[in-house]
Amino acid sequence: MTLIIVTLSILTVGILLGFGYNYLLMYTDVFKNLKIRSQQLDKPLSRSEFFKRVPLIAFNVICLYILSFFGLWFGQGIFDMTWAGPGIFVLHFMVIFLVDDLLFYIIHRSMHENKFLHQKVHSVHHQASQPFPLDFIYAHPVEWLAGYAGAFAGVMLLFIFSPVNVWAFWAWCAFRSIHELDIHSGVRSVVAKYIPLLAGAEHHDFHHQRSKGNYSSTLVLWDLIMGTMLKKKA
């Protein structure tokens, strides 16, 4: 049960942080000087638009808890609950991270370039042309489920060779939640400019403006390699 309790707790903290971040952006001027599109985000209309998206966000959060609970319950044997040392921790974290990030790019790009997927599935997420942090989970349920295929693939790849270090998995869960809140915040990334190849909020915000290109989530490497990096800055 420790695996389930800790994992769901990490997810819960991420959701609560998202609500708190949303509140600060909608009702205070704390991030006013850092907003990427401050004139648009200051409009009251953006608040009403967000509240229209809350039911789907709530539905996806409930699905997240249910699927995570049963997935972890039946997959407990996949994980090693002991601390295996920093080397294993870093290796397992990087494998999950890289596989997840690459598959996210492939799936995300496919949902833009396939007309059926774009119109019937991905267009839901792009209703948030001015995204707030919690909009990372404002998506068609099919897209939301597909978004976790990378993490599942990374975990299964590691399990071929050995049990997956649970500490690395938890670290990835926490990192993914924080990063998703950041890139959908519409607030300039303070850290991204200091880390090579890291896609900050500007990268993904520009994607929401154009609804094409900049398909990467965490590493702009995939956009650079595939030639899908948008040249003009947000």
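Just so you know, all these numbers are worked out from the coordinates, no wet-lab data involved. Source: prediction; values computed, not measured. Heads up, the Cβs are rebuilt from the backbone with ideal geometry, glycines too, and the neighbour counts pull from every protein chain shown.
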Q | Equivalent ellipsoid semi-axes, the chain, via Cα gyration tensor eigenvalues times 5, rooted, Å | A | 29, 20, 18
Q: Calculate how steeply helix 149-159 sits against the longest principal axis of the alpha-carbon atoms of the chain, using the helix alpha-carbon long axis, and give the answer as 0 to 90 degrees to the nearest 10.
A: 20
Q) Under a point spin-label approximation (7 Å from Cα along Cα-to-Cβ), what is the Phe59-Ile5 distance to one decimal in nm? A) 3.3
Q | FRET efficiency, Phe175 to Met81 (Cβ-Cβ, R0 25 Å, nearest 0.05) | A | 0.80
Q) Label Lys120 and Met94 with points 7 Å out from Cα along Cα→Cβ: what is the distance between them in nm? A) 4.1
Q. Starting at 0 and stepping by 5 Å, how many percent of the alpha carbon pairs of the stretch 68-191 end up in each bin?
A. 2, 10, 17, 21, 18, 14, 10, 6, 2, 0
Q.
Per 0.36 nm of contour for each residue apart, how much would the distance between Tyr194 and Ile106 grow if the chain were fully extended, relative to their Cα-Cα spacing?
A. 29.1 nm
Q: Measure nothing but the geometry: give the 0 to 90° angle between the long axis through the Cα atoms of 166-183 and the longest principal axis through the Cα atoms of the chain, rounded to 10°.
A: 0
Q. For Leu230 and Ala149, what is the calculated FRET efficiency with R₀ set at 25 Å and r taken between the beta-carbons, to the nearest 0.05?
A. 0.50
Q. Residues with amide H under 5 Å of Ile36's amide H, sequence separation 5 or more or different chain, H placed in the peptide plane at 1.01 Å from N; which?
A. Val187, Arg188
Q | For Val164, residues with placed amide H under 5 Å, excluding near neighbours | A | Phe79, Asp80
Q: Starting from the alpha-carbon convex hull of the stretch 134-203, give the projected area averaged over all orientations, in nm².
A: 5.9
**Q.** Inter-label distance for Tyr27 and Ser68, nm, one decimal - labels placed 7 Å from Cα along Cα-to-Cβ
**A.** 2.4
Q) Where does the Debye-calculated log10 I(q)/I(0) of the stretch 1-128 sit at q = 0.11, 0.13, 0.16, 0.21 Å⁻¹, using only Cα point scatterers of equal weight, no solvent? A) -0.63, -0.87, -1.18, -1.31
